[in-house]
Amino acid sequence: MRTRIAASIGALVLSLGVLLAPAASAADETYTVTATVTTRGGTPIPDEDVRLLPAGGTDEDPVDEGATDASGVITFRDVPAGDYVVSYHSVWEQSAPATVAVTVDGSEEVSFVHPRLVALSGQVVDDLTGTPVPYVMISGYRELRTADLTLATDVNGRGATFAPAGSYTVRFDEWNEVYRRTVLAKLTLKAGSDVTGRVFRLVRKSHVTGRVTLGDKAVDDARVHIGSEYVQTSSSGRYSRDVEPGSYSVRVAGDSERRWFTTYFGNTVRKPDAKKVVVPLGRDGVADIALVRSATITGRVVGRDGRAAKGITVYAWNTDREGQVSARTNSDGRYILRGLATGEVGLQAQGGTSSLPAEGKATVWARQGETVAAKQITLMDDAIIYGQVKTTGSSPTKQDVSLSTSSGEFLGTFRPDADGWVGFAALPAGTYYVHVDGSNLRRQVVVRAHKTATFGTLTRGELRTVSGKVTDWAGKPVAGASVHVYDQYGTAYATVRTGSTGRYTIRSVVSGSYQVKVTPKASSPLAWGQVALSVRAGKDSVRDVRLGKGATVTGLVVNTKGKPAIGVTVWSQEGHKATTDATGRYTLTGVKPGRQTLKITDPDYVGGYRDATTTVTAKGGATVTAARATVR
């Protein structure tokens, strides 16, 4: 006869089936006890801990124990007749064991049904190709807890697992060269509803990849900047970096030898003209970069005696665009300069000794991607002009002293020592003027080649003040404006700013004719103003300045292809500036009325556009449009 028994232990639902066999014919006859463990959905649960205990015994002293097989079954053999307890411990969650008592007098069968555990099986595939992904593990999380669900795949990308009923965020969290860590699914497991055939799709990592070349050759170990990160190229010139999906600016920095300029994706040296590489989710973005070569200049420097000038500095600069570099000569006086753009290049070598400095100059036409030889530079300019400056009422160390050529080009400004001595060295023969800045005091000096000349002693009188008020055309005070007082030779002693009431006081004049020039803030619509001033020796002066309405100047800058020149700087003659926008347009405010020549520069990019100009006739208080400008 066979009997079925059902029991509920704690949170587990149990069903007990007892097979009643005929009484044994011998006292030593043994039997089998079989236990089956499944989910409520009927899926067998392998590797569960089942123990056979003597009646009244504990888990620590079982008659026999083991784990269920792949079909969720465990069979205890050679069990003598008697009273026993079958104990089931789930390895999938912590809970009290489920137990059921059984009297063995024949072969017995016991079934355990886990009330909360749900079976999950499926496959992990590549989101791009759909192919199975072997030997990876995905994890499921409930709230912020540790992983309550893990599924490992086999060679076919398939896997099976069990987890308590609940809602999970399924993620791929392990490090992998191909696939990105990401959320795969939101999954709800319900008791009694096992899940089979679920597909989880792994998303490939996104990369920015590409190849860097110089001419037709790969560039090894170049630094490629991708957003705020960087990576080095391999010996084949290739690079790759994991990135989040999005668009990226990619550039290759210039190398230490200046063989190329910093070059952006799109093979341009200008960031505004660069392309951006777009990287979709799970895909790669390709940004190959052909580096823009710089020019190379070689040459030699010698002294007046024809001997090699070793260890001196040679400076070089593009005369009509951004770019400046320097190098030192070797023991034979030779140098190599790299990192300049095509065009005329000025060269200046500075050598000699500390007591007798000497300079030499030259020009050369450079071509990017080529090496050109400059003519030999001889350190011929070594004449010296010196003298003493005396200042009444103040220290000579606070007085600027400038040197200009006979044509009015200012060469430099120095301050005397405590005794008033000051000098200018490394000069070619010629006629010069020494200025005591802001004092209307200057002296002409003629110096011959390789000689020393003195300007003697220049005595500046006591400084007096100029004060006044700066207002706009309506009489309102102008705050924050810069006030310069220039002498008749165009030099000034100091600069001040107007206060909140528009007033200023500057101690910077001696005697004679001056110009008070006022420049408003860069954002001001006011034009700069200038008024004449006559100063008597020993007397302070008062001079108010009224600023008129400035003009607003708009315009367009394009390149030789007629496309907008983005990010170039446009300057007015008085120093106002604006930067062109994405359409190549600009707006200057506060431009002084009258005929203006606007200068266009590309100051941020070596190898960028050459300088250019355009013209406009500005009208105070009006908006005018300058002639269209083209940069090359």
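What follows draws every value from the coordinates through simple rules; no lab data is involved. Nothing here was measured: the structure is a model prediction, and the numbers come from that model. Backbone-built Cβ (ideal geometry, glycine too); neighbour counts: all protein chains shown.
Would you work out the charge dipole size for region 551-631 about its Cα centre, treating the Cβ of every Lys and Arg as +1 and the Cβ of every Asp and Glu as -1, and quote it to the nearest 20 debye?
The calculated dipole for region 551-631 is roughly 260 debye.
Strictly over 31 Å apart at the Cα level, which of Lys451/Lys539; Lys205/Lys276; Lys390/Lys451; Lys398/Lys619 would you flag in this model?
Pairs exceeding the cut-off: Lys451/Lys539; Lys398/Lys619.
Return the label of the correct value of percent of Cα pairs over 41 Å apart, as calculated from the structure shown, out of (1) 30; (2) 60; (3) 48.
So the structure-derived entry is (2).
Considering the dipole of the chain built from charges on the beta carbon (Lys and Arg +1, Asp and Glu -1) around the Cα centre, which of Ala222, Val73, Ala165 is farthest to its positive end?
Farthest along the dipole direction, towards plus: Ala222.
Rounded to the nearest 0.05, what FRET efficiency do Asp69 and Thr182 give with R0 = 35 Å and r taken as the Cβ-Cβ distance? Could you check?
With a Förster radius of 35 Å, E is 0.45.
For the pair Arg171/Ser467, report the inter-label distance in nm, with labels modelled 7 Å from Cα in the Cβ direction.
The two pseudo-label positions are separated by 7.1 nm.
Just want to confirm a number: the relative contact order over the chain, from Cα pairs under 8 angstrom separated by 6+ residues, in percent.
Relative contact order for the chain comes out at 7 percent.
Roughly what would the spin-label model give for Glu244 and Ala160, points 7 Å off Cα along C-beta, in nm?
4.0 nm
Can you list the GluC sites (Glu not before Pro) in region 100-185 that are in a DSSP coil and have 16 or fewer other beta carbons within 10 angstrom?
Taking region 100-185 and a limit of 16 other Cβ atoms within 10 Å, the loop GluC sites (Glu not before Pro) found are Glu143, Glu174, Glu177.
Please report, in whole Å³, the volume per residue of the convex hull around the C-alpha atoms of region 383-460.
Value for region 383-460: 75 Å³ per residue.
Counting only the backbone N, which residues of region 128-167 are under 13 Å from the spot 7 Å out from the Cα of Glu93 toward its beta-carbon?
Hits in region 128-167 for Glu93 at 13 Å: 142, 148-149, 162-167.
Does a label point 7 Å from the Cα of Ser513, set along Cα-to-beta-carbon, have any residues of region 488-506 with amide nitrogen under 17 Å, and which are they?
It comes to 488-492, nothing else.
Could you tell me which residue out of His435, Phe414, Gly461 lies farthest along the dipole of region 398-478 toward its positive end? Charges go on the beta carbon: Lys and Arg +1, Asp and Glu -1, centred on the Cα centre.
Comparing the listed Cα positions along the dipole, Gly461 ranks first.
What per residue convex hull volume, in Å³, comes out for region 295-378 when only alpha-carbon positions are used?
Cα-based convex hull of region 295-378, divided per residue, equals 76 Å³.
Per residue, how much space in cubic angstrom lies within the convex hull of the C-alpha atoms of region 473-561?
In region 473-561, the Cα convex hull volume per residue is 125 Å³.
Once label points are set 7 Å from the Cα along Cα→Cβ at both Ala253 and Ser500, what is their separation, rounded to one decimal in nm?
Once both label points are built, they end up 4.6 nm from each other.
Return one quarter of the surface area of the convex hull spanned by the alpha-carbon atoms of region 34-189, equal to its mean projected area, in nm².
If you wrap the Cα atoms of region 34-189 in a convex hull and average its projections, you get 10.9 nm².
Give me the number: length gained by fully extending Arg628 to Val446, i.e. 0.36 nm times residue separation minus the C-alpha to C-alpha distance, one decimal in nm.
60.9 nm
At q = 0.14 Å⁻¹, what base-10 log of I(q)/I(0) does the Debye formula yield for region 551-631 when every alpha carbon is treated as an equal point scatterer in vacuo?
Debye output, listed in q order: -0.39.
FRET efficiency for Thr371 and Val531, Cβ-Cβ distance as r, R0 = 51 Å, nearest 0.05?
Plugging the Cβ-Cβ distance into 1/(1 + (r/R0)^6) gives 0.40.
Based on Cβ point charges of +1 for Lys and Arg and -1 for Asp and Glu, what charge dipole magnitude is obtained for region 117-202 about its Cα centre, in debye rounded to the nearest 20?
260 debye
So what is the orientation-averaged projected area of region 188-316, using the convex hull of its C-alpha atoms, in nm²?
13.4 nm²
For Lys398 and Asp288, calculate 0.36 nm times their separation in residues minus their Cα-Cα distance, and state this gained length in nm to one decimal.
Once the chain is fully extended between Lys398 and Asp288, it gains 34.0 nm.
Excluding Gly529 itself, calculate the net charge of residues whose Cβ lies under 9 Å from the Cβ of Gly529, where each Lys or Arg counts +1 and each Asp or Glu counts -1.
Once positives and negatives cancel, what remains is +3.
Provide the packing ranking of 329-340, 593-604, 616-627, i.e. peptides ordered by the mean count of other C-beta atoms within 10 Å per residue, highest first.
So the peptides 329-340, 593-604, 616-627, ranked by packing, come out 329-340, 593-604, 616-627.
So if we plug the beta-carbon distance of Leu128 and Thr150 into 1/(1 + (r/R0)^6) with R0 = 30 Å, what FRET efficiency do we get, rounded to 0.05?
0.75
Going through region 251-281, which trypsin sites (Lys or Arg not before Pro) have at most 14 other Cβ atoms within 10 Å and a DSSP loop state?
Sparse-neighbourhood loop trypsin sites (Lys or Arg not before Pro): Lys275.
Note down the magnitude of the dipole of the chain about its Cα centre, charges +1 on Lys and Arg C-beta and -1 on Asp and Glu C-beta and zero elsewhere, to the nearest 20 debye.
About 6620 debye.
Once the piece of chain linking Asp305 and Asp320 is laid out straight, how much longer is it, given 0.36 nm per residue of separation minus the C-alpha distance between them?
Stretched out fully, the Asp305 to Asp320 stretch lengthens by 2.0 nm.
State, as an integer percentage, the relative contact order of region 117-202 based on alpha-carbon contacts under 8 Å between residues 6 or more apart.
37 percent
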